[in-house]
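Q: Please read through the structure below; I'll follow up with questions.
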Amino acid sequence: MWSTGSLTRSTCSWLILILGLDVGVASAQEPATRIQSVSTPSIAQPHTDDWPTYGLDYREQRHSPLKGIDRSSVSRLGLAWYFDTDYARGVEATAVVVDGVAYVTGSWSVVYALDARSGQLLWKFDPNVPKSVGASACCDVVNRGVAVYEGKVFFGALDTRLFALDAKTGAKLWEVTTADRSKAEYTSTGAPRVAKGKVFIGNGGGEFGVRGYVSAYDVNTGALIWRFYTVPGHPSDPETDETQAMAAKTWTGKWWQYGGGGTVWDSIVYDPELDKLYIGTGNGSPWNRKVRSPEGGDNLFLSSIVALEPDTGKYVWHYQEVPAETWDYTATQTIILGDMAFGGRERKVIWHAPKNGYFYVIDRADGKLLSAQPYSRQTWSLGYDMNTGRPIENPKADWTQSTEEVSVIPGAAGAHNWPPMAYSPQTKLVYIPEQTIPWVYQSLPLGGVRRGTYNVGTVVAGLTTADPLLFDVFMRTMLKGALVAWDPVQQKAAWRVEHGSIANGGILTTAGGLVFQGADETSSLVAYDAQNGTALWSFPTQDAPVAAPMSYAVDGEQYILVGVGRGGTSGLMPRPRDTALPPKGRFMAFKLGAQAQLPAPTPRVDYGDPPAPIDRSEATFDAGEKLFREYCVRCHTLKGVGNGRLPDLRRLPRAMYDSFDAIVRDGAVEGLGMPRFGHLLKAEELAALKTYLLVEAEKDRALRNQPSWWVAIKRTGYELLAKVLVRLM
């Protein structure tokens, strides 16, 4: 039996200890005299040399106007400098550069100010996030960046604190808590946005049963100005208003007991032309709509683009992409503001390519759907009814009605997740980091909701096979990625570049006619011709750059800067074992003619044979596998293979297996991000979980001891079988 399953997300990194990493916690350093001043950049029309906000400007098109690096010169691009962060975890941040200073964030929400010429550290601020918080982050302990405004640096820490720092010194100006973690397991990973004297920020935690909202704070004091809830709370809640009452009519049952979801964990965009704030909302909590709203309803404002008044947070309009969503189809992905001719006249529009595989063109004045066409393979719907703006669901994709397994494409990881897409006004194309990940959904018995971990209402399915080689082949074959150049006028792909794996990076376009993206399979940064997708240049980065590159100029020289460090969502999918340890989370800057070199990677250590399991019974193994999928797979991937950064649990030092109970039950390495599970697991369950890992470790070791020629023959046969099965899906 095999099935592609819930290769979910995570952040519970434990056992980083074996990687020999520096996990010391540092506080904000003394100010560096190198930063003399920090101007107030115009985010609406930024200075050509700067990159003053997450998406470059308020339109968030991620198109650099710099032309120094172009199709003819890109071959001379070389490494100018690199900077290593404190942790070997995922890096998702887009750098913000103002007046020659690059402001970046690493894992555990640490902020670094770097000299944009040399990469020299100017100051660092560590919010000292408790490592136990990592257990309730869905997709690694990442942070997508900062906002810079009026001499201040704003960022959200993983534990939901919002900070304002002095941009020159890194000194803390104020901090506020944006969510009450004593009531629900909220987290914060997204980059805040700033406009009109307000800093806007949302939160995460939809998989853990939270209620989503977005908040606006005063940039000078941190005072809360307004808050907009994306799903209704208890009918007696004091914050209920006309909008909440409207939304509540689309829910049934006692949804508030499950949180509801709808978190605004990524895209927030201010539109200065129409003076509106657009937010993308997340999935339902739990995913199973029959649990959270048993009598049906659209469940507003899940999976929606919502327009608000930026001064008051008042509702203006919404467009719901997937009414009553039940596949974890968030609408939190990149919102790009643009202008285009449609229906015989010019329109101000939103371009959106969320998880569900459709590319949307939405009139941003009134929220009317103009176009919805699939940019990726999808099986959950039969298209869109353009008269109503609603999808026509495929009844075969509804997994909420029974306990049978239902395979759907795309799955919960999405056809496009958080890595930002970009637009080029030269080609008039939108460039999307696409991925194909099948998923198997299965309702829990009696529509139950799991407690103590993901609150999603589905069985965590997976690829069940005794042969680790077959597992590896199927993962390689079924999980694919691509760079898709989408024409929003023609409503179809102009071209696409196929990738061999899925954890590929966000996008940058430039006036030099280039598209930059990180490639996972080759662990490199690649420059493509924006017209046709021809690869013109690449640089080996030693690990996948999943963050989006950006570009800036200092002293007349153009740079390309990208964060490197596989992690987050698809970055936590199983990865073939690398021969070297990944570097710490790293930022790398490139310019023409530069010749800097990266340090040689550290080889991995073979720790030898694992200890033999005490209990080899099939019943114990099956029980352990079930527990692993429920509590561990979202961090450590299927079978514990790891993602290259989180360790392969089949190949640990013997001492780690001997300390299994102390680590898993008692939290012996909780300070490294591995949570304790003693309050959730009984002694016999811990024993079954350990048995499962040790048996998998034995199977892995046996495969490595087979002759290479025999492994090659088996792999070829499995690859042929996998290709046939994928075509039948």
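Q: Whole-Hz Karplus ³J(HN,Hα) for region 127-143, in order, using 6.51 cos²θ - 1.76 cosθ + 1.60 and θ = phi - 60°, x for Gly and Pro?
A: x, 6, 5, x, 5, 5, 5, x, 5, 10, 9, 5, 9, 6, 8, 9, 8
Q: Could you tell me which of the pairs Lys172/Lys314; Lys690/Lys723; Lys249/Lys396 are separated by over 29 angstrom between their Cα atoms in the structure shown? Intermediate values should be presented prior to the final figure.
A: On the way: Lys172/Lys314 31 Å; Lys690/Lys723 33 Å; Lys249/Lys396 27 Å.
Distance filter (> 29 Å) returns Lys172/Lys314; Lys690/Lys723.
Q: Out of residues 5 or more away from Thr187 or on other chains, whose amide H comes under 5 Å of its own, with H placed 1.01 Å from N in the peptide plane?
A: For Thr187, whose amide H was placed from the backbone, the distant partners under 5 Å are Gly204, Gly205.
Q: Also, I was wondering about something else. For Lys290, give me every one of the aspartates and glutamates with a C-alpha distance below 18 angstrom, ignoring sequence neighbours fewer than eight places off in its own chain.
A: Within reach: Glu207, Asp298, Glu325, Asp328, Glu393, Asp398, Glu404, Glu405.
Q: Can you pull a Stokes-Einstein diffusion coefficient for the chain at 4 °C (1.567 mPa s), Rh from Kirkwood over Cα pairs, as a whole number of µm²/s?
A: Values: Rh = 25.6 Å.
Reported coefficient: 51 µm²/s.
Q: Within 14 Å, Cβ to Cβ, of Pro613, how many net charges do the neighbouring residues add up to if Lys/Arg are +1 and Asp/Glu are -1?
A: So the environment of Pro613 carries a net charge of -3.
Q: Mind checking the dipole of region 627-729: about its Cα centre, +1 per Lys or Arg Cβ, -1 per Asp or Glu Cβ, Debye to the nearest 20?
A: Numbers: 18 positive and 12 negative charges, 110 e Å.
Roughly 520 debye for region 627-729.
Q: How do Tyr384, Tyr552, Tyr431, Tyr360 rank when sorted from fewest to most other Cβ atoms within 10 Å of their own Cβ?
A: Lowest to highest Cβ neighbour count: Tyr384, Tyr360, Tyr552, Tyr431.
Q: So, one more: Averaging over every viewing direction, what projected area does the convex hull of the Cα atoms of region 473-592 cover, in nm²?
A: 8.7
Q: Here is a follow-up. Output the antiparallel fraction of DSSP beta bridges having both residues in the chain, as a percent to the nearest 5.
A: Roughly 95 percent of the beta bridges in the chain run antiparallel, per DSSP.
Q: Only Lys, Arg, Asp and Glu count, each charged at its Cβ (+1, +1, -1, -1), so figure out the dipole size of region 283-439 about its Cα centre, rounded to 20 debye.
A: Result for region 283-439 is approximately 280 debye, rounded to the nearest 20.
Q: How large is ³J(HN,Hα), in whole Hz, for each residue of region 673-686 in order, when computed from phi with the Karplus curve 6.51 cos²θ - 1.76 cosθ + 1.60 and θ = phi - 60°, using x for Gly and Pro?
A: Running phi through 6.51 cos²θ - 1.76 cosθ + 1.60 with θ = phi - 60° gives x, 8, x, 8, 10, x, 7, 10, 10, 7, 4, 5, 6, 4 Hz.
Q: Run the helix sum for the chain: -39,500 (n - 2.57) per DSSP H stretch of 4+ residues, divided by residue count, reported at 222 nm to the nearest 500 deg cm²/dmol.
A: When only DSSP H runs of four or more count, the value is -4000 deg cm²/dmol.
Q: From the phi angles alone, apply the Karplus equation (6.51, -1.76, 1.60; θ = phi - 60°) to region 417-429 and give each ³J(HN,Hα) in whole Hz, x where the residue is Gly or Pro.
A: 10, 6, x, x, 8, 8, 10, 10, x, 6, 8, 6, 10
Q: How long are the three semi-axes of the equivalent ellipsoid for region 173-259, computed from the Cα gyration tensor as the root of 5 times each eigenvalue, in whole Å, largest first?
A: Value: 25, 16, 11 Å, ordered largest first.
Q: Apply the Kirkwood formula to region 510-556: the hydrodynamic radius equals the inverse of the mean of 1/r over all pairs of different alpha-carbon atoms; give it in Å with one decimal.
A: Value: 11.4 Å, from the Cα pair sum.
Q: Also, quick follow-up: Using the Cα centre of region 669-723 as origin and beta-carbon charges of +1 (Lys, Arg) and -1 (Asp, Glu), tell me which of Ala702, Thr691, Phe677 is placed farthest towards the positive end of the dipole.
A: The Cα lying farthest towards the positive end belongs to Ala702.
Q: What percent of all Cα-Cα pairs in region 578-729 falls in each 10 Å bin, counting up from 0?
A: Once binned at 10 Å, the Cα pair distances of region 578-729 give 9, 29, 31, 20, 9, 2, 0.
Q: Once a ≥ b ≥ c are taken as the square roots of the eigenvalues of the Cα gyration tensor of region 77-221, is the result rounded (a/c under 1.5), prolate (a/b larger than b/c) or oblate (a/b not larger than b/c)?
A: Cα axes put region 77-221 in the oblate bin.
Q: In terms of modelled amide H atoms, which long-range or inter-chain residues lie less than 5 Å from the amide H of Gly222?
A: Amide H neighbours of Gly222, under 5 Å, 5+ apart: none.
Q: I would also like to ask the following. Report the charge-dipole magnitude of the chain in Debye, nearest 20, computed about the Cα centre from +1 at each Lys and Arg Cβ and -1 at each Asp and Glu Cβ. Show your work: numbers first, answer last.
A: Working: 73 positive and 76 negative charges, 172 e Å.
So the magnitude is around 820 debye.
Q: Need one number: convex hull volume per residue for region 135-219, Cα atoms only, in Å³.
A: 87
Q: Starting with the fewest neighbours, write out Arg616, Arg117 ranked by other beta-carbon atoms found within 10 Å of each beta-carbon.
A: Arg616, Arg117
Q: Around Ile336, which amide H atoms from residues at least 5 apart in sequence, or from another chain, sit under 5 Å from its own amide H, with H modelled in the peptide plane?
A: Trp351
Q: Positive end of the dipole of the chain, charges at C-beta (+1 Lys, Arg; -1 Asp, Glu), about the Cα centre: which of Ala365, Phe660, Leu508 has its Cα farthest in that direction?
A: Phe660
Q: Quick check on region 306-402: what does the Kirkwood estimate of hydrodynamic radius come out to from the alpha carbon pairs, in Å? Provide the component values of the computation, followed by the final result.
A: On the way: mean 1/r = 0.0687 Å⁻¹.
Hydrodynamic radius (Kirkwood, Cα only) of region 306-402 equals 14.6 Å.
Bear in mind these aren't lab numbers, they're just calculated from the coordinates by the rules spelled out. In this text the structure is predicted, and so the values were computed from the model without any measurement. Every residue, glycine as well, gets a Cβ built from its backbone with ideal geometry; the counts of neighbours run over all protein chains shown.
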